[in-house]
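What follows is a short report on a single structure.
The values are calculated or read from the model by the stated rules, or taken from the named source; none is laboratory data. Everything numeric in this text was worked out from a predicted model, so none of it was measured. Glycine also receives a Cβ, built like all others from the backbone with ideal geometry; neighbour counts cover every protein chain displayed.
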Amino acid sequence: MSSSSAAVAEAVACCRLEKQQRRRLAAFDFDHTIVAQNTDTVVRDLLPPEVVSSRALNELVENDCWTEYMSEVFRLLHEQQVTEARIRDTIRVIPEVPGFVRLIKHLHKKLNFDMIIISDSNSVFIDEWVKAHNLADCFVAIFTNPAEFDSNGQLQVRPHHQQSECKLSASNLCKGRVLEHFVIEQDLRRSIRYDHVFYVGDGNNDICPVLRQRACDFACARQGFAMEKHLIRNRNKLKLRAHLLVWKSGFDLMEQMLALPQMQVSQVDLETAEGQAEMARRASAVAGPTKPTN
Ligand SMILES: [Mg+2]
Ligand SMILES: [Zn+2]
């Protein structure tokens, strides 16, 4: 049996064993969505300013290849004896976009969301930050450019994939393709179907995934950033099917999500223990503290 037909057989076997589950998915960008800065530029700025502004380095950006540019940045950081520990320390202290740590924990613990990150940063930076903020258990998967420190202590990063079909996305990462593949895999391998998919982002590379969303999904764009501006400016031309939610912070996004009719406890939720607990919690919150009996 070939490996692909073995994979299909395995997926079919899984489907027979597991009852289909209906859940919700939240997919997040990382830089300027979960964290308040760009992880790559924060680390790049550990280099002396004259190196950052050097012509040799900037030619790589003009060539439009960000992963190659960052590879050169990591080589220079190693040359300048910037250690792995210093890079990791720098990443850990990047502030969150206000309210995002709370939002992610709430969606995970209280609302039973599946969550993923799709980011053009790299696995070392994202893992470091996510672990430092106790969020590692919240994510089902993190899709980004794979990276590791080699035996010399130099950070090596590789493209997530190579693609040329999607013109909206960079050659190393089409977030729309990643999101679609994830949703299909969850259905085939785990019998999980998503009633609603929330995609949360800020940048131009977050346009591709939201244009592939369904009418029951939500495109959540950060207010005042490129994604929101692009979606609003080209509203008619782009034919966005998903509902557009414009957010200012994690607190604001959580409020908007909790107010959605789609987020109220449904029949599906009632079949689960979490759903029943949630209903009981809401009922007691509405009733207020019970009056002591005399
Ligand atoms: Mg971003
Ligand atoms: Zn794309």
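Residue-level check: of (1) within 27 Å of Arg212 (Cβ to Cβ); (2) within 16 Å of ligand 1 (Cβ to nearest atom), Val43 misses just (1). Only residues that are at pLDDT 95 or above and closer than 24 Å to Asn205 by Cβ were counted across the stretch 234-253, and they come to 13.
If only residues of the stretch 163-219 that are away from ligand 1 (no atom under 16 Å from the Cβ), among the basic types (Lys, Arg) and assigned to a helix (DSSP H, G or I) are counted, the one that is farthest from Cys65 (Cα to Cα) is Arg190. Selection of first residues in the stretch 210-230 that are away from ligand 2 (no atom under 16 Å from the Cβ) and of second residues that are assigned to a helix (DSSP H, G or I) and of a type in the set (S, T, N, Q), restricted to Cβ pairs under 9 Å at least 6 apart or on distinct chains, gives the following pairs, ordered by first then second residue: Cys216/Gln262; Phe218/Gln262; Cys220/Gln256. Where helices (runs of 4 or more DSSP H) fall entirely within the stretch 29-115, those with at least 1 residues that are under 27 Å from the mean Cα position of the chain (by Cα) and away from ligand 2 (no atom under 16 Å from the Cβ) are at 39-44, 55-62, 66-79, 84-92, 100-109. Taking residues in the stretch 22-37 that are touching a residue at least 24 places away in the same chain (Cβ under 8 Å), and partners anywhere that are buried (at least 24 other Cβ atoms within 10 Å of the Cβ) and in a loop (DSSP other than H, G, I, E, B), the pairs with Cβ atoms closer than 6 Å and at least 6 places apart or on different chains are Phe28/Ile34.
If the condition is being outside any helix (DSSP H, G or I) and among the hydrophobic types (A, V, I, L, M, F, W, C), then the stretch 220-268 contributes Cys220, Ala221, Phe225, Leu240, Ala242, Leu244, Leu245, Val246, Trp247, Ala259, Leu260, Val265. For the stretch 130-141, filtering for residues that are in a helix (DSSP H, G or I) and either surrounded by 22 or more Cβ atoms within 10 Å (Cβ to Cβ) or away from ligand 1 (no atom under 16 Å from the Cβ) (or both) leaves 5. Condition (residue is more than 14 Å from ligand 2 (Cβ to nearest atom) and not hydroxyl-bearing (Ser, Thr, Tyr)) applied to the stretch 163-177: is it met by at least one residue? Checking the stretch 163-177: not a single residue is more than 14 Å from ligand 2 (Cβ to nearest atom) and not hydroxyl-bearing (Ser, Thr, Tyr). Taking residues in the stretch 184-199 that are surrounded by 18 or more Cβ atoms within 10 Å (Cβ to Cβ), and partners anywhere that are part of a strand (DSSP E or B) and among the aromatic types (Phe, Trp, Tyr), the pairs with Cβ atoms closer than 6 Å and at least 6 places apart or on different chains are Phe198/Phe218.
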